[in-house]
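Colleague: Quick one: structure below, then a few questions.
The values are calculated or read from the model by the stated rules, or taken from the named source; none is laboratory data. Everything numeric in this text was worked out from a predicted model, so none of it was measured. Cβ: placed from backbone, ideal geometry, glycine included. Neighbour counts: every protein chain shown.
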Amino acid sequence: MSNRRDFMGMALGAFTGLGALGALYAAKRTWDPLPSVKAAGFTTIDVSKAPENVLITEVWRGKPIFILKQSKEMVEKAKNRPISNNSKFKDIDRLIKIGNDYYMVVVGLCTHLGCIPDYRPEKENFLCACHGGMYNSSSDVIKAPPPRGLDIPPFKIDGTKLVLGEEGPEYKKLLADGITLPV
């Protein structure tokens, strides 16, 4: 009789232990931040291996972030084009220099009505299909109705990494010069 009683006691103890582990796991999962909350903070992106003229899309604070490494030809075009609404700056001033390369880093929402423009690598431009607005590879408007270029999110450069959500000196200069608006 004691063997059966011992077995039942051990079985009940094991079952209770598994239940307790399950409850602890569930409690831990409720304490972990949701993926949407994690995305709301800082996002670090290593851009060192980004290919030229290939759009990379990340999510930051629920918004799409477009990152586009510029080819040498794209950089040369940007050096010669003035920003549409502000002729004292060139398109190159909208680009971010990380190491020896230039990157377009923008919030991927049209400044007209918030649609998501589509990147066309063969034409090196963005088309917002909702109302026909177009942006060049530096994210400046080349065809209305968008009132201004795509907005640049707050960023900080850390070596070959881009930290979205933190305001570094490069971003503060873009704000002070009026090249972008706060996001």
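Colleague: May I ask you to verify whether SER87 is out of contact with any Pro (no Cβ under 9 Å at 6 or more places or on another chain), without any contact (Cβ under 8 Å) to a residue 24 or more places away in the chain and not hydrophobic (A, V, I, L, M, F, W, C)?
Modeller: For SER87, the condition - out of contact with any Pro (no Cβ under 9 Å at 6 or more places or on another chain), without any contact (Cβ under 8 Å) to a residue 24 or more places away in the chain and not hydrophobic (A, V, I, L, M, F, W, C) - is met.
Colleague: When you look at THR111, is it of a type in the set (S, T, N, Q), within 30 Å of LYS143 (Cβ to Cβ) and in the same structural domain as PRO147 (by TED's automatic domain parsing), yes or no?
Modeller: Against the criterion (of a type in the set (S, T, N, Q), within 30 Å of LYS143 (Cβ to Cβ) and in the same structural domain as PRO147 (by TED's automatic domain parsing)), THR111 qualifies.
Colleague: Given (1) in a helix (DSSP H, G or I); (2) closer than 30 Å to TYR171 by Cβ, where does GLY17 come up short, assuming only one miss?
Modeller: Only one criterion is unmet by GLY17, namely (2).
Colleague: Search segment 145-174 for residues that are surrounded by fewer than 16 Cβ atoms within 10 Å (Cβ to Cβ) and basic (Lys, Arg) and pair each with any residue that is at pLDDT 95 or above and not in a helix (DSSP H, G or I) when their beta-carbon atoms are under 6 Å apart and the residues are at least 6 apart or on different chains.
Modeller: LYS161/ASP46
Colleague: Can you find even one residue in segment 173-182 that is under 23 Å from PRO51 (Cα atoms) and of a type outside the set (A, V, I, L, M, F, W, C)?
Modeller: no
Colleague: Scan segment 37-82 for residues that are free of Cβ contacts under 8 Å to residues at least 12 places away in the same chain, exposed (fewer than 13 other Cβ atoms within 10 Å of the Cβ) and not in a loop (DSSP other than H, G, I, E, B) and jot them down.
Modeller: VAL37, LYS38, LYS72, GLU73, GLU76, ASN80, listed by residue number.
Colleague: Out of all the residues in segment 1-48, which are modelled with pLDDT of 80 or more, within 16 Å of the chain's Cα centre (by Cα) and not polar (S, T, N, Q)?
Modeller: Matches in segment 1-48: PHE42, ILE45, ASP46, VAL47.
Colleague: Residues being modelled with pLDDT of 95 or more and closer than 16 Å to ASP91 by Cα: count how many of those fall in segment 144-183.
Modeller: 8
Colleague: Mind checking which strands (runs of 3 or more DSSP E) fall wholly inside segment 90-183 and carry at least 2 residues that are under 17 Å from the mean Cα position of the chain (by Cα)?
Modeller: 96-98, 101-107, 118-120, 155-158, 161-164
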